[in-house]
There are 2 protein chains.
Amino acid sequence: MAARSRSNPLALAVLALLWERPMHPYEMSMTLRERRKDESVKLNFGSLYSVVDSLVKHGLIEAASTERDGNRPTRTVYRITDSGATEAIDWLTDLVRTPAKEYPQFEAALSFLPLLGPDDVVRLLRLRQASLERQVAGLEASLADAKALGLPAIFSLESEYESAIVRAELAFVTTLVTSIADGSFEGVELWRDLHARAAAHGRLDPEELAEALAPYLSPP
Amino acid sequence: MAARSRSNPLALAVLALLWERPMHPYEMSMTLRERRKDESVKLNFGSLYSVVDSLVKHGLIEAASTERDGNRPTRTVYRITDSGATEAIDWLTDLVRTPAKEYPQFEAALSFLPLLGPDDVVRLLRLRQASLERQVAGLEASLADAKALGLPAIFSLESEYESAIVRAELAFVTTLVTSIADGSFEGVELWRDLHARAAAHGRLDPEELAEALAPYLSPP
DNA sequence: TCCCGAATGTTCTGGTTCGAATATATCTCG
DNA sequence: CGAGATATATTCGAACCAGAACATTCGGGA
């Protein structure tokens, strides 16, 4: 059996669901939604069916039955196989043990931030800040709800984690925006000059940017 | 011109590079590497060429020349167009202003954590903890280097951000592992029981899991 | 000098993923 | 009671992406 690519965590979600009981794909998607797992695993109807096919092809799940209910499309109910159960545990073990290299979009944006001028950046970061604050409030509220309902912490760990990460980003953004706005951010004059001149002739001049960057390029 | 999907930040990187000067794809990839941008934007040779094609197709960049050097494959040098410059700024603006929904793998793993037993989880989290500590140390070291070289902070913001996020994850993991290990984690007995019984007959019983979960499912 | 490995560049292939399209059943509200 | 919204359930095509394969040149040592 050729090794499967563990790229899409939706496959892990499928394995975890089928661990509990056999289901057909639509039922899986609805169950994931009910349990709010679609917050932590990207769920896409189209992808779900291909992921299921791929799991079948690799022998990690298998068709348990195909049932027809009235005139609706035939549904195929799947169950997990022994190698599927093993794979789920192995995969999960790996994810917990080893931090994966991820590429958050905001990190990419920060990489290219010099393309924007400092005043624009301040304006945009303030908007981001507000948005993050709302997000934190939302997460904290739903955590409080879960707690009020008596749901043990083990079932909302992923929200605790998300909340911790978002709060860290918020702290970062707050520090950054403050320091740019009050001028204490190191090199902000250079940055502002570059864009002040750019404003004069329509857009940031590639040559000026290149020149400004030149002294800092090709590090060891 | 059909709207391009902004899914792959590598396209933004290409626009940002061509803003400075025309380049051929291989040169782009090498430049991204030299500047360590491949840490913040996933760089893949295969993808780079398709991304470039797609940018050409949408009129955001264009071929400036095709040169043949000896008998090597013909290289095509590209330059940014006006609409490409606009798109770069718009895209970047959007990324800075609006937090994107992301799906970190660790968050997915936390979602399915009950599949593993608490003792295994403690062992794995300790390994993760050590790994995160090394990562933070590495990031801090390279930030210190950059500072020593006189590189202004604006050019290593993405590392500052990454460091902040990793430190937050480390704090989260540390708290979590400690509380599971010392038994103060809420519901840890229930969790341990489930797996103690599982160990008796080979693997976690789906029915027991389902039963244990049942009281907590279908929240409002 | 000649061969090997590293660097320079691009293309190909096929699996993955997305988003829209499809089709029927059931609910709901006037 | 019928029309439109919503829920059930899957399929399709196009775009996307990763990784390998390919092809050439250059540098350095035996």
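Table for the structure above
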read-out	value
Per-residue HN-Hα couplings for the range B:3-19 [Karplus 6.51, -1.76, 1.60; θ = phi - 60°; Hz; x = Gly/Pro]	5, 7, 7, 8, 6, 9, x, 4, 5, 5, 4, 4, 4, 5, 5, 5, 4
A versus B: buried accessible surface, summed, Å² (probe 1.4 Å, to nearest 100)	8500
Burial ranking of peptide ranges B:131-144, B:103-116 (average Cβ count within 10 Å, highest at the top)	B:103-116, B:131-144
Degrees between helix B:25-34 axis and first principal axis of chain B (Cα, 0 to 90, nearest 10)	60
FRET efficiency, 1/(1 + (r/R0)^6) with R0 30 Å, evaluated for A:L127 and B:L149 via beta carbons	0.35
Surface share of carbon and sulfur [accessible, 1.4 angstrom probe, percent] for the range B:18-58	50
Nearest-20 debye value, the range B:9-97 charge dipole, Cβ charges on Lys, Arg, Asp, Glu	260
Per residue value of the accessible surface for the range B:1-141 (all protein chains in place, 1.4 Å probe), Å²	47
Dipole magnitude (debye, nearest 20) for the protein assembly as shown, charges at Cβ of Lys, Arg, Asp, Glu	880
Karplus-derived 3J(HN,Hα), 6.51/-1.76/1.60, for each residue of the range A:117-122, Hz, glycine and proline x	x, x, 5, 4, 4, 4
Calculated [θ] (222 nm, deg cm²/dmol) that DSSP helices of n ≥ 4 give over chain B, each run adding -39,500 (n - 2.57)	-20000 deg cm²/dmol
Exam field: B:A144 pseudo-label spacings to other copies (7 Å along Cα-Cβ), nanometres	4.2
Ratio Rg/Rh [Cα only; Rh per Kirkwood] for the range B:20-105	1.01
Qualifying lysines (Cα of each under 24 Å from Cα of A:K42; at least 8 residues distant if same chain)	A:K57, A:K101, B:K42, B:K101
Chain B, rotation onto A, residue closest to that axis via Cβ, with its distance in Å	B:A168, 2
Shortest-first distances to equivalent copies, position A:T98, nm, label 7 Å out along Cβ	3.5
Among A:T175, A:T98, A:T86, residue whose mean-square fluctuation peaks in a GNM of chain A (springs only between Cα atoms under 10 Å)	A:T98
J(HN,Hα) series, the range A:90-104, from Karplus relation 6.51 cos²θ - 1.76 cosθ + 1.60, nearest Hz, glycine and proline x	4, 4, 4, 4, 4, 5, 6, 6, 10, x, 8, 6, 10, 10, x
Cα→Cβ-extended label distance, 7 Å offset, between B:S54 and A:S65, nm	4.3
Peptide B:118-128, shielding by other chains (average Cβ, 10 Å cutoff)	3
Other protein chain Cβ atoms within 10 Å, averaged over every residue that makes up A:33-40	4
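The values are calculated or read from the model by the stated rules, or taken from the named source; none is laboratory data. Quick caveat: nothing in here was measured; it's all calculated off a predicted structure. When we count neighbours, we look across all protein chains shown, and the Cβ atoms used for this are built from the backbone with ideal geometry, even at glycine. Surface areas here come from the heavy atoms of the whole protein model, side chains and all, with no ligands, DNA or RNA. Shrake-Rupley method; radii C 1.70, N 1.55, O 1.52, S 1.80 Å.
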